[in-house]
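The values are calculated or read from the model by the stated rules, or taken from the named source; none is laboratory data. Predicted model, so just to flag it, every value in this text is computed and none were measured. For neighbour counting, all protein chains shown are included, and Cβ atoms are generated from backbone atoms with ideal geometry for every residue, glycine included. Accessible surface areas use protein heavy atoms only, side chains included; no ligands, DNA or RNA. Shrake-Rupley method; radii C 1.70, N 1.55, O 1.52, S 1.80 Å.
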Amino acid sequence: MNNVLLPLTNRWSDQVARQAEWKSELLPRQKEFHMRYVHAPLTSKSLKRLFVVISDALRYEAARDFADRLNSQAGKGWQAEVDALLGSLPSYTQLGMASLLPGAQLSLNTADATALVDGQSASGTENRDKILKAYAKGRARAILSEDFLSLPISGEGQALTRDNDLIVIYHNRIDRIGDKRESEAETCQAVETAFDDLDQILRKIASLKGSQVVITADHGFLFQQEPVDANDKATFPPAEQLTFKNRRFALGTGIEPMAGQKIFSAQALGLNGSWSAVFPLGLDRFPRSGSGSRFVHGGTSLQEVVVPVIKLKREKKDDSRPVEVELLSLDAKITTSRLTFSLYQREPVEAKKRLPLQLRIGLYAKDDGALLCTPANLRFDSEASEPREREQKVILELSNASDRYDNKLLELRLEEILEGVATPNTYKTVELKLQRPFGNDFEDF
């Protein structure tokens, strides 16, 4: 790997060393993302709703690969184009995420490297949601990918798209795996798994009638399977104060230049403040105990700072949708070890318009999510015009483990099974109370 990576990084570092400011004549700054890819489309008359997916540490090459796969697979329904931005420095999550938000001024708290947008914290989904809502006059939502995927398509899913013009989905697979010493060796597999996650997110967006999506990242990363060479280890430079230290950068004041390192002032990085940042050039890492060293980011390498932007559009208008199913004859309390109810297919299947629906039905403990029965898989594909013929009876036998949940809330889950997707989508959920006063020893007599 170093036969390619080392000479490429060294030659690029020579260019970085000559820069007085962090900018490029070819690539827009990451801070311009919102204006270019969010504000401009949303203020046009042709777009009513935009989904933005921010995938932590989705490197440019990986994003390009994912876009190529989408374009090469007929029937996926998405056309993809890939642009690139010059990522903010330091190239780490806090600043990268803040750079993708609306706002005029970016700054850092140099004690803990948290980022601020116009003086407001940009740390965490809740704070980012506040910034987005202020921009969109309340019609924006920031949501974690796992929460988005668990939303029922009807009900909460419909409310999400009805009430918001901008929906920003935060996805974290690559950085969560690679950024830990015990799992950094799994980085390549994490990238592949991230592709599966993104594909599932796109399927969910399509089911909510989303037609335009932008996928981007907060930063890239450097990774090598073999241990870091001793020659790639740097030392922190002398300084009045180094307030924050990372493998690929440090923040502080009065930093003295050393060979093989680059110092930028906050202003040169396009940030507010009177501090400076120092970066080891090439593949060098600063020493940090307790953290991994094969997966790193925060520095100036091409792999860390070229941020992808995938623009996605639905290839054609698709009016088809699965048939809708509703619950019938369901009591609010479970008093025996058997839960019996009916599911009603509201309309007949119709070619190219109303498609079959495959559901997985299970009963779970509300407090810890334990599965308390053998799930039932039902397919709703009836073409019958008579409503009674589109009704199916469901019987769920509670397991012995359910005895521990007497007088507690359970959750009946209806999950949509999608072809090619490992994890089902939540379709509907209903809370029920397990209440069996005398146990279940004689319930069959």
Exercise. What list of ³J(HN,Hα) couplings, whole Hz, do you get for region 15-32 from phi and the Karplus terms 6.51, -1.76, 1.60, once you set θ to phi - 60° and write x for glycine and proline?
Worked result: 6, 4, 4, 8, 7, 8, 10, 8, 7, 9, 7, 9, 10, x, 6, 4, 4, 7
For this session: Could you name the lysines whose alpha carbon sits less than 30 Å from that of Lys352, not counting residues in the same chain fewer than 8 places away?
Result: Lys45, Lys48, Lys76, Lys204, Lys209, Lys311, Lys313, Lys316, Lys317, Lys393, Lys428
For this session: For region 237-288, state which chymotrypsin sites (Phe, Trp or Tyr not before Pro) are in a DSSP loop and have at most 14 other beta carbons lying within 10 Å of their beta carbon.
Result: none
Exercise. Ala376 to Ser24: extension gain in nm, 0.36 nm per residue of separation minus the Cα-Cα distance?
Worked result: 121.1 nm
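Subtract the Cα-Cα distance of Asp331 and Glu240 from 0.36 nm times their separation in residues, and report this length gain in nm to one decimal. Present the calculation step by step, with values, prior to reporting the outcome.
Details: separation 91, 0.36 × 91 = 32.76 nm, distance 6.98 nm.
Full extension from Asp331 to Glu240 adds 25.8 nm.
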Problem set entry | 16 Å Cα-Cα reach of Lys333 towards lysines, excluding residues that sit fewer than 8 places from it in its own chain | Lys366, Lys408, Lys433
Exercise. If the cut-off is 16 Å between C-alpha atoms, which aspartates and glutamates fall inside it for Lys133, apart from same-chain ones fewer than 8 positions away?
Worked result: Asp118, Asp163, Asp165
Seminar exercise, completed: Under the 7 Å Cα-to-Cβ spin-label approximation, Glu383 and Asp165 lie apart by a distance in nanometres of 4.4
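Could you work out the local net charge near Gly252, counting Lys and Arg as +1, Asp and Glu as -1, over the other residues with Cβ closer than 10 Å to its Cβ?
On the way: positive: Lys245; negative: Glu240.
Around Gly252, the surrounding residues sum to 0.
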Exercise. Under the rule of -39500 (n - 2.57) per DSSP H run of 4 or more residues, summed and divided by the residues of the chain, what mean residue ellipticity at 222 nm is obtained, to the nearest 500 deg cm²/dmol?
Worked result: -6000 deg cm²/dmol
Problem set entry | Distance between modelled label sites at Lys353 and Ser72, nm, 7 Å Cα→Cβ extension | 3.8
For this session: Pop a pseudo-label 7 angstrom from the Cα along the beta-carbon direction at both Ala230 and Glu324 and give the gap in nm to one decimal.
Result: 7.0
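Could you sort Val38, Val4 by accessible area so the largest value comes first, with the probe set to 1.4 Å?
Details: Val38 5, Val4 105 Å².
Final ranking, largest accessible area leading: Val4, Val38.
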